[in-house]
Amino acid sequence: MNDLLIAGGIGVAFGWALECAGLGHPPKLAGQFYLRDFTVLKVMLSAMLTAMLGVFWGGRLGLLDRGALYVPETYLLPQLVGGLVFGLGFVLSGLCPGTSCVALASGRIEGAATMLGLFAGVLLVGLAFPAIEAFYRSTPHGPLTLQRLTGLPYGVVVALVTVLAVSMLAWIAKWEARR
């Protein structure tokens, strides 16, 4: 029960942060696609860096057992198709699942419409699952990680991703200053 309360609290805090960043407003998210507003990229890079460095240093300091973390299996073709469907929904509604929850909680009708579409899609896939299960389980690759893909040590991958993300954030800051 405590884990559920902690997860709920983290979810509420994350939703609040998304709303404060304006990410429950579809035009703000669409600005990323038109290269006018990089708020989404900045938030995502910051979140990924925070999580990655938290796991890395938590493991190094003995505060976290990285082996106990779940890394989902990769099914390349079905996940590619799912990503395309997700992207299409994102472009059509201007919201992703997380930001649609934020929009709904903020009273925006587009958040409600997107959430309805998400639930309808989940229901349809669930009903159709017996017919698509073979495709769903096709092209398995096990849990794919950058460390496994590159063969580089974990610390090197963390350092490279950190340098890349910080460089992107610096480039965005320069680009925004010029505008």
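The values are calculated or read from the model by the stated rules, or taken from the named source; none is laboratory data. As the structure is a prediction and not an experimental result, all values here were calculated from the model. Heads up, the Cβs are rebuilt from the backbone with ideal geometry, glycines too, and the neighbour counts pull from every protein chain shown.
Taken over the stretch 159-174, the criterion of being within 18 Å of the chain's Cα centre (by Cα) and either within 20 Å of residue 74 (Cβ to Cβ) or not hydrophobic (A, V, I, L, M, F, W, C) (or both) is satisfied by 161, 162. Only one of the listed residues (137, 178, 148) is in contact with a strand residue (DSSP E or B) (Cβ under 9 Å, 6 or more places away or on another chain), of a type in the set (Lys, Arg) and either touching a residue at least 60 places away in the same chain (Cβ under 8 Å) or more than 17 Å from residue 52 (Cα to Cα) (or both). That residue is 137. Within the stretch 75-90, not a single residue is under 23 Å from residue 15 (Cβ atoms), modelled with pLDDT of 95 or more and under 14 Å from the mean Cα position of the chain (by Cα).
Of all the residues in the stretch 142-158, those that are of a type outside the set (D, E, K, R) and part of a helix (DSSP H, G or I) number 9. Residues of the stretch 61-75 that are in a helix (DSSP H, G or I) and surrounded by 12 or more Cβ atoms within 10 Å (Cβ to Cβ): 66 alone.
Number of residues in the stretch 70-92 that are touching a residue at least 40 places away in the same chain (Cβ under 8 Å), touching a Gly at 6+ places or on another chain (Cβ under 7 Å) and either within 14 Å of residue 33 (Cα to Cα) or of a type in the set (Val, Ile, Thr) (or both) equals 1.
Looking only at residues in the stretch 20-29 that are in contact (Cβ under 8 Å) with a residue 40 or more places away in the chain and under 16 Å from the mean Cα position of the chain (by Cα), which one is farthest from residue 175 (Cα to Cα)?
24
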